[in-house]
Amino acid sequence: MSNVLLECQAIVKVFPGVRALDGVGLRLTAGSVHALLGENGAGKSTLIKVLTGVHTPNSGRLTWCGDEVHLRSPLEATRTGIGVVHQERNLIPGFSVAENITLQSPPSHRGLIDRAAMTAPALTCLGELGLDIDPDQPVRELSVAQQQLVEIAKALYTESRVLLLDEPTASLSPQEAERLFEVVRRLTARGTCVVFVSHKLEEVFAICDTVTVLRDGRSVLESSPLADHTQDDVVSLMVGRAHSATEMRPREVDTSAAPVLSLDRVSTAAGHRDISLDVRPGEIVGLYGLVGAGRSELVKAVLGLDRVTGGEIRLHGKPARIASPRQALHVFGIGYLTENRKEEGVFLEQPIVRNITVTVWKRLAKAFGFVSSREEQEVSHDLVERLGIRISGLGQNAGELSGGNQQKVSLAKWLAADTRLLIVDEPTVGVDVRTKHAFHELIWELARDGLPILLISSDLAEMITLADRVVVMADHRIRGEVDNDRDYERMSGRIIRIIHDRALSAVGPKAVRA
């Protein structure tokens, strides 16, 4: 037991009306990668806040290297040796890399912060991570993956022996995630314990060696060797019942039907060149590629958020010039389910009924622009029932919902508007296993009912589950296209080969079919 760094025993945390943690146990050992798993609401975030001094438990015991500790603040946790990298990064954009790394304990001289002395320790921490960036560069200029590693460099600077990574790969490409895993292996080799919180079970089984599973605030599996369990075992523990992959009902796509959306050799101000693709009624067309491939930027050009500089966009067979998302919706019937649900998808401080009906206020408006509250309620109630949105009432603020339910509210507003084409961008980032499967079923059923869907996802398993065709992008160009037979091993291999085949860099506008 001498290698146990941090241990929780029977931790209880109660909020008004909610027992968030109910006797949770956890044992973290030096040199291990420990998976902390559970559905949204299982208690993972609360436990992380207890371990990092944000919350004080009502009862239970925390020990550090065998001695009882009481962590009353994040600073106290940091000084103990516990670091955390949150899913929503905690960097100051205008500060330099070095300033961010040394922020919690900056070098000083005669009581004044010594900015020049920040560079050497920052370079040391960056070097340990194999990160070659200028320590004087502002953080806002870094990529998402680089910012993630700067967060880890902060933990190295404070000499964290336990490092909690909360959904660390949610915004990373597979290649960037693998680089992060290399960093994790390097950290554990030097004796650090890394706690890995993720909904991506493929990654959990690739990198972790022990696992704790929370359900309804209790630890239903505690610090167990991961090798003793299968993915199905873990999912069953998380959801409390046997679970199998979602069975999608049969769905046929009429490949002879006229496309709803056609891009014909489209170029954009964002750097796209000669983009050609079609989306037919009832078809799910996937856009896959590494971060920076230009997928989201392409659909934003379709929505009028960026300038189309060449080629032609056609909707229902007719040329379309779209100047704004409002015109895209009200004239052409295009809905856009954004990946950034908190800032663009829902109004967090507004009730659910307003969020759902915001796209149809004009249709519901009576004399003098008055919107019927009764009709708002009827529209919203029907969609809440249809999508299975878990709420206390239509007057509840959207910001009080879980991430998965917020995403469903965002989808509901587009369905309320009778969308004729739906663009879905990273639909299940940060949601739990059960919610992800429910969302997949929703998307599948919408397509089965005839709605054409353009899907962007960095989750390769999700792409292969849903898409009828996968269009592979890199460097703002289409590099290939694959008809999906939903055999994961075969499909993933073909898609990854397209991405990494250097010979494709010379390919022109015509897509290569793998």
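Just checking, which of L28, L51, L62 is aliphatic (A, V, I, L, M), over 28 Å from the mean Cα position of the chain (by Cα) and over 15 Å from R218 (Cα atoms)? From the options L28, L51, L62, the qualifying one is L62. In summary, strands (runs of 3 or more DSSP E) completely within segment 1-65 and bearing 2 or more residues that are farther than 21 Å from E167 by Cα occur at 4-15, 18-29, 59-64. Do you know which residues across segment 80-121 are surrounded by 15 or more Cβ atoms within 10 Å (Cβ to Cβ), without any contact (Cβ under 8 Å) to a residue 40 or more places away in the chain and more than 24 Å from R140 (Cβ to Cβ)? Correct list: T80 only. Counted as qualifying within segment 321-367 are the helices (runs of 4 or more DSSP H) with 3 or more residues that are modelled with pLDDT of 85 or more, namely 325-330, 352-357. Out of V18, V14, V85, V33, one residue alone is modelled with pLDDT of 95 or more and not aromatic (F, W, Y). It is V33. Considered as a group, the residues in segment 10-69 that are in contact with a Gly (Cβ under 6 Å, 6 or more places away or on another chain) and under 17 Å from I82 (Cα atoms) include one that is surrounded by the most Cβ atoms within 10 Å (Cβ to Cβ), and that residue is K44. Across segment 464-476, not a single residue is classified as closer than 23 Å to S410 by Cα, at pLDDT below 80 and of a type in the set (A, V, I, L, M, F, W, C).
D459 satisfies every condition listed in (1) within 21 Å of P174 (Cα to Cα); (2) at pLDDT 85 or above except (2).
Of the residues making up segment 276-298, not a single one is of a type in the set (S, T, N, Q) and at pLDDT below 85.
Restricting the search to helices (runs of 4 or more DSSP H) fully inside segment 82-175 and requiring at least 3 residues that are more than 20 Å from V204 (Cβ to Cβ) and not aliphatic (A, V, I, L, M) gives 119-128, 144-157. If the condition is being basic (K, R) and at pLDDT below 80, then segment 405-435 contributes only R434. Residues in segment 266-315 that are among the small types (G, A, S), touching a residue at least 40 places away in the same chain (Cβ under 8 Å) and either within 28 Å of P174 (Cα to Cα) or in contact with a Cys (Cβ under 7 Å, 6 or more places away or on another chain) (or both): S267, A269, A270, G271, S276, G286, G289, G292, A293, G294, S296.
Among what's in segment 402-451 and is assigned to a strand (DSSP E or B) and of a type in the set (V, I, T), pick the residue that is farthest from L290 (Cα to Cα). Among those that are assigned to a strand (DSSP E or B) and of a type in the set (V, I, T), it is I423.
Put simply, of A117, A155 the only residue that is touching a strand residue (DSSP E or B) at 6+ places or on another chain (Cβ under 9 Å), closer than 24 Å to T192 by Cα and modelled with pLDDT of 80 or more is A155. When T46, T56 are screened for being within 20 Å of P168 (Cβ to Cβ), β-branched (V, I, T) and out of contact with any Cys (no Cβ under 9 Å at 6 or more places or on another chain), only T46 passes.
Filtering segment 176-202 to residues that are among the aromatic types (F, W, Y) and not in a helix (DSSP H, G or I) leaves only F196. Out of curiosity, is T268 under 26 Å from D475 (Cα atoms) and modelled with pLDDT of 95 or more? Considered against the rule, which asks whether it is under 26 Å from D475 (Cα atoms) and modelled with pLDDT of 95 or more, T268 comes out as yes. For the residues G317, G310, G304, the requirement of being among the small types (G, A, S), over 27 Å from E462 (Cα atoms), modelled with pLDDT under 95 and over 29 Å from the mean Cα position of the chain (by Cα) singles out G317.
Contact annotation: residue pairs with Cβ atoms under 9 Å, 6 or more positions apart or on different chains, pairing a residue in segment 481-500 that is at positive phi with a partner that is modelled with pLDDT under 85, are R486/M248.
Of the candidates K49, K13, the single residue that is touching a residue at least 40 places away in the same chain (Cβ under 8 Å) and within 26 Å of S198 (Cβ to Cβ) is K13.
The values are calculated or read from the model by the stated rules, or taken from the named source; none is laboratory data. Quick caveat, the model's predicted, so the values are computed rather than measured. Positions of Cβ are generated from backbone atoms using ideal geometry, with glycine treated the same way; all protein chains shown enter the neighbour counts.
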